[in-house]
Amino acid sequence: MTYFAFLKGINITGHRIIKMAELKAMFEAMGFKNVRTFIQSGNVVFESPANPGALKKKIEAGLKKSFGYDVKVIIRSKAEMEKIVKDYPFSKIKGHEECKITVGYLESEPAKALIKELEVFNTDNEIFVIKGNNLYHLIRGNFSDSVFFKKNIVEKTLKIICTARNWNTTNKILAI
């Protein structure tokens, strides 16, 4: 089965540096097949017969052993990635094509009460929509103006791990 691994918090502002060639080699050494990486933010596509929970544990342990970092990993199957793209929630919002769109890959599905707490932050210029264990984020303007990025509001409110990729990355990684 084809899986996508999203590593949280690597290669950001010179911290926790992992070269993609080394990351690919680590995945291959762990027995994963058809390993591909995409850009420097820690996106890996690979094949494995294992289940997502076992993969997450194995990859996190491999990262710690190989690079010395505790790195959180979010796993999605190809079918889940296809559903993320299909479920895009902003198509009816006027001007959505000009907005910045991000997908937040959540470690688990958040509690409904916590989702309601996050929705309090929705404005005309910034919208959060959660579908299952994925968060869609739209912002008009710059990411630097976003409460999502400035205050890490998603993890604080939902009380779960989240790693984000922009909409273009989400679509491109699905195509590789």
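The values are calculated or read from the model by the stated rules, or taken from the named source; none is laboratory data. Predicted model, so just to flag it, every value in this text is computed and none were measured. Every residue, glycine as well, gets a Cβ built from its backbone with ideal geometry; the counts of neighbours run over all protein chains shown.
In the stretch 53-151, counting only strands (runs of 3 or more DSSP E) that sit wholly within it, the ones holding 1 or more residues that are touching a Ser or Thr at 6+ places or on another chain (Cβ under 9 Å) and within 30 Å of Gly31 (Cα to Cα) span 73-77, 100-106. Consider Glu117 carefully, then state whether it is closer than 19 Å to Ala164 by Cβ, touching a residue at least 24 places away in the same chain (Cβ under 8 Å) and out of contact with any strand residue (DSSP E or B) (no Cβ under 8 Å at 6 or more places or on another chain). Taking the combined requirement at face value, the residue satisfies it. Checked against (1) free of Cβ contacts under 8 Å to residues at least 40 places away in the same chain; (2) farther than 20 Å from Ala164 by Cβ; (3) in a strand (DSSP E or B), Thr37 meets all criteria but (2). Checked against the criterion of being at pLDDT 95 or above, touching a helix residue (DSSP H, G or I) at 6+ places or on another chain (Cβ under 7 Å) and over 23 Å from Ser41 (Cα atoms), the stretch 98-114 contains one or more residues that satisfy it. Exactly one residue out of Thr123, Thr163 is buried (at least 20 other Cβ atoms within 10 Å of the Cβ) and either outside the structural domain of Ala25 (by TED's automatic domain parsing) or within 25 Å of Ala21 (Cβ to Cβ) (or both), and it is Thr163.
Could you list, in sequence order, all residues of the stretch 7-24 that are hydrophobic (A, V, I, L, M, F, W, C), in contact with a helix residue (DSSP H, G or I) (Cβ under 9 Å, 6 or more places away or on another chain) and either in contact (Cβ under 8 Å) with a residue 60 or more places away in the chain or surrounded by fewer than 19 Cβ atoms within 10 Å (Cβ to Cβ) (or both)?
Leu7, Ile10, Ile17
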